[in-house]
Amino acid sequence: MPGETVAGLDEALAAVDAFDRALVAGLLRPHPAQAAQLVEFADCVAGTPLGAKVAEAAQKAAAGAASEDHFVALAAARAALLGSVHDALLVRAQEMAGRARGEEAVPAPERRPAANLLTAARSWLCDLARTGWQGIDHELVFGAAPIVSSMLADPALRRLATLLDGLAAELAASCPGAALEHVPARRWADLWSRALLLTLPGAGGAPSVGVATGRLLPLGVDVQEHATAVQAQVHAVFEPADGSGSQVVRASVSAPKTDTVVGAGLWQLLRPHMSLLAAFSEGRSMELTAMPVTAGGDLVWSEEHARPGEPADAFATARVALPAAVDAVTTPLDRHPARLAVPVFLEGYTARKDDEALTFTVAGHPLAVDTDRIPAASPLTPEAVAASGACIGLLRWDAGAYRLQPLAVETTVRKKAVALHAGGWAGGTSDKAGVKAEKAATDAVAVLRERAGRLLRK
């Protein structure tokens, strides 16, 4: 259950924290405290296949003589430790959900020859490690700009380019590092280590893709918003037409945006690219024919491979189909506690609200509810979640504990039982509040499009 201790979890995270602290001041001229942190980190993977390489890398880094290969070994060990934490937390979450985990390994991407751009990116990332977060300046950070610009021309490198661009933007906003009062050591080390591993030949290649033919039963929509981009991720159960076992899958759609497009305007950007959003709002399933799908359970959405199906209630799917579905396997580089998002169905819980914090008590165990993740463009509200009797959500791990992100609830409104969904307005709505929000968003988007067109004409 969520409140139970996971063996070895604290030790693994402590080792990761030790390495992250060593990165703060940089590894060009390490202090004795940093050397001790590197030894602590290396000791945690001793006896594993990485043990000898990491011990050598830690020794070299402690002496200020680490090469790029040594930094790669340290990043790999860090990713392996967090991967083990992810796996342990995932097993516990799946036990709570009452589902099995996929056992097949995810095939490695097709290898491609090392490129000069990968080498340049790796060199820049190693310079960051030597300098440390407290030593960053604009000259060092802007060294990523020409690398990112060149990478964007190659679709196979855009994943890494986007990651480098985001990391560089955060660092630039924090320059000079010597003036920082607080260093987000875990976050920046996460981005650094993931980017460094993606510079290895083949690591950032396209995932293995198969095809899916059958019925897709949506469960809920997770909206992820940034100032310049928005993504809607639909979590669903896929039932293959050949009668084989059902699987939990995801389908995502993204769109660029300006920071002035918020609320219901987000749906207007996303709707034209995915008919699944409209089907979800209408309470319908989708029939898929040879839809591309990765081994990790992500549908590579293509409208030509999908058509609307029969009515399908998300809560009926959660009660009947979800328990029998198998969770998709996780690709190696995605094994990180922050990426944990396990669809679950809960009912029979009690809700308690202390100030702004909401907690469900499930089978005698407290489970924090993350109402901050509920999108503004939604009929779902924290008040409705607190008054609910059943909930579809994503079980996540945040700040050392499991947290539930609500995607939909069954509750009572004016003595009438209703289901409210975070993606309830995804395909449009006749709800009074939704119509008002849509009109305001339509006006804002129309103005932006007119201004953009005027600029293009000039």
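Bear in mind that the values in this text are calculations on the coordinates, not laboratory data. Values in this document were obtained by computation on a predicted structure and should not be read as measured data. Cβ placement follows ideal geometry from the backbone for every residue including glycine, while neighbour counts extend to all protein chains displayed.
Some notes on this structure:
- Near ARG403, the amide H atoms lying under 5 Å from its own belong to ARG396, TRP397, ASP398; only residues 5 or more places off or on other chains count, and H is placed 1.01 Å from N.
- Residue-wise HN-Hα coupling along the stretch 289-302, computed from phi with Karplus coefficients 6.51, -1.76, 1.60 (Hz; x: Gly, Pro): 10, 6, 6, x, 8, 7, 5, x, x, 9, 6, 8, 5, 9
- Vicinal HN-Hα couplings computed from phi for the stretch 185-191 (Karplus, 6.51 cos²θ - 1.76 cosθ + 1.60; Hz; Gly/Pro x): 4, 5, 5, 5, 5, 4, 5
- Residue-averaged [θ]222 nm for the chain, counting only DSSP H segments that reach four residues, each worth -39500 (n - 2.57): -12000 deg cm²/dmol
- Three-way shape call for the stretch 9-198 based on the alpha-carbon gyration tensor, with the a/c threshold at 1.5: oblate
- For ALA390, the residues whose amide H sits under 5 Å from its own are GLU410, ignoring neighbours fewer than 5 places away on the same chain, with H placed 1.01 Å from N.
- Shape class for the stretch 166-283: oblate, because the ratio a/c of the largest to smallest gyration tensor axis (alpha-carbon atoms, square roots of eigenvalues) is 1.5 or more and b/c is at least a/b.
- Degrees separating the helix 32-43 axis from the principal Cα axis of the chain, which is the longest one: 60
- The angle separating the long axis of helix 158-173 from the principal Cα axis of greatest extent in the chain is about 70 degrees.
- GLU310-GLU170 pseudo-label distance in nm [points 7 Å out on the Cα-to-Cβ vector]: 4.7
- 0 to 90° range, to nearest 10: angle between helix 68-97 axis and the chain longest Cα axis: 30
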